[in-house]
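> Let me give you the structure first, and then I'll get to my questions.
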Ligand code: NI
């Protein structure tokens, strides 16, 4: 009688203690490992596997939240589109004329298949996260990517690359094309990119009378406004052609040039374009590229990865200057730390 009692009380108690002991030890072992997680996350240096990461890293879900493209009431307000297209090529030798107004253009720009859905899953996969909040370019190495001669058939693809990489750039739109594709102008702005004008005709401002050059710039400016975007003060003179008389005649404009010329329109060569970026970029640089150069769709992600690998924060031109681009002078770059 005593034995069964002993067995009934002691054995289960001992077993329970044993189980608790093992469980406790295991718990004690597991806890520190979980807490010591740091080694699992290496410092966020830019890795280069754009091939692996790029499709996943739709880092910025919010800006992509597709604003209704038809929101701009301006599509109707730009009747000048067609005559102007012919006005532009007259002045520019190779800078885009033929590439732009291709037949497919009118069909493609509008539908913007920005992948809002996949964004949620992929956020933490980002190899090179963009800095959150405003960047102080007096304290951090900054660089601004700029695109001339659009909008056009490649704008949407460029915007997709920039969104995937969570980069904000600066676009200088040609008046006639902004009038032709107002939805693209609006889309670029809605996605957080800075917008300026590249004037209306692609003519040397220095070869026009100053007042005439200003009118041409203002007409380009108006095309951006007609697209539903805030009136841009930034002007990139075609060919960077500018002089003191024109600057004095157009005091409301911010004349934004560059100090890294990728010569993309000239070579259309990925290695050479990247070579210019790698050789010439310094803190505060403004990099000149063109929307119309097809290979830039390949170049752009690589340039972004390389710049980030060198510690650059990619910002818009206004951000280079803390939001306030100086007037009355030619801007070639921003402040450096
Ligand atoms: Ni141009």
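> Scan the range 232-261 for residues that are under 16 Å from residue 174 (Cα atoms) and over 21 Å from the mean Cα position of the chain (by Cα) and jot them down.
Listed by number, the residues that qualify are 237, 238, 239, 240, 241, 253.
> Is at least one residue of the range 221-231 over 27 Å from the mean Cα position of the chain (by Cα), assigned to a loop (DSSP other than H, G, I, E, B), within 20 Å of residue 326 (Cα to Cα) and more than 16 Å from the ligand (Cβ to nearest atom)? Give the derivation first.
Our first condition is that a residue be over 27 Å from the mean Cα position of the chain (by Cα); within the range 221-231, this holds for none.
No, every residue in the range 221-231 fails to be over 27 Å from the mean Cα position of the chain (by Cα), assigned to a loop (DSSP other than H, G, I, E, B), within 20 Å of residue 326 (Cα to Cα) and more than 16 Å from the ligand (Cβ to nearest atom).
> Here's a follow-up. Would you please list the contacts, defined by Cβ atoms under 9 Å and residues six or more apart or on different chains, that run from a residue in the range 243-268 that is on the phi > 0 side of the Ramachandran plot to a residue that is outside any helix (DSSP H, G or I) and crowded, with 18+ Cβ neighbours inside 10 Å?
263/288; 268/293
> Checking the condition in a helix (DSSP H, G or I), at pLDDT 95 or above, in contact with a helix residue (DSSP H, G or I) (Cβ under 7 Å, 6 or more places away or on another chain) and more than 16 Å from the ligand (Cβ to nearest atom), which residue from 178, 218, 144, 183 passes? Steps first, answer last, please.
Numbers: 178 fails: more than 16 Å from the ligand (Cβ to nearest atom); 218 fails: in contact with a helix residue (DSSP H, G or I) (Cβ under 7 Å, 6 or more places away or on another chain); 144 fails: in a helix (DSSP H, G or I).
Every option except 183 fails the conditions.
> Just for helices (runs of 4 or more DSSP H) wholly inside the range 270-337: which have at least 2 residues that are in contact with a helix residue (DSSP H, G or I) (Cβ under 9 Å, 6 or more places away or on another chain) and surrounded by fewer than 23 Cβ atoms within 10 Å (Cβ to Cβ)? Reasoning before the result, please.
On the way: elements: 270-280, 296-309, 317-320.
Those helices (runs of 4 or more DSSP H) span 270-280, 296-309.
> Let me ask something else about it. Test of understanding: among 166, 149, 190, which residue is within 22 Å of the chain's Cα centre (by Cα), buried (at least 20 other Cβ atoms within 10 Å of the Cβ) and within 15 Å of the ligand (Cβ to nearest atom)? Explain how you work it out, then say what you get.
On the way: 166 fails: within 15 Å of the ligand (Cβ to nearest atom); 190 fails: within 15 Å of the ligand (Cβ to nearest atom).
When all the criteria are applied, what remains is 149.
> Mind checking which residues of the range 204-215 are touching a helix residue (DSSP H, G or I) at 6+ places or on another chain (Cβ under 6 Å), over 14 Å from residue 251 (Cα atoms) and in a helix (DSSP H, G or I)?
If the condition is that a residue be touching a helix residue (DSSP H, G or I) at 6+ places or on another chain (Cβ under 6 Å), over 14 Å from residue 251 (Cα atoms) and in a helix (DSSP H, G or I), then 205 is the only one that fits.
> List the number of the failed condition for residue 205; all other conditions in (1) farther than 19 Å from residue 330 by Cβ; (2) free of Cβ contacts under 8 Å to residues at least 60 places away in the same chain; (3) crowded, with 23+ Cβ neighbours inside 10 Å hold.
Unmet condition: (1).
The values are calculated or read from the model by the stated rules, or taken from the named source; none is laboratory data. Predicted model, so just to flag it, every value in this text is computed and none were measured. Cβ atoms come from the backbone with ideal geometry, glycine included; neighbour counts cover every protein chain shown.
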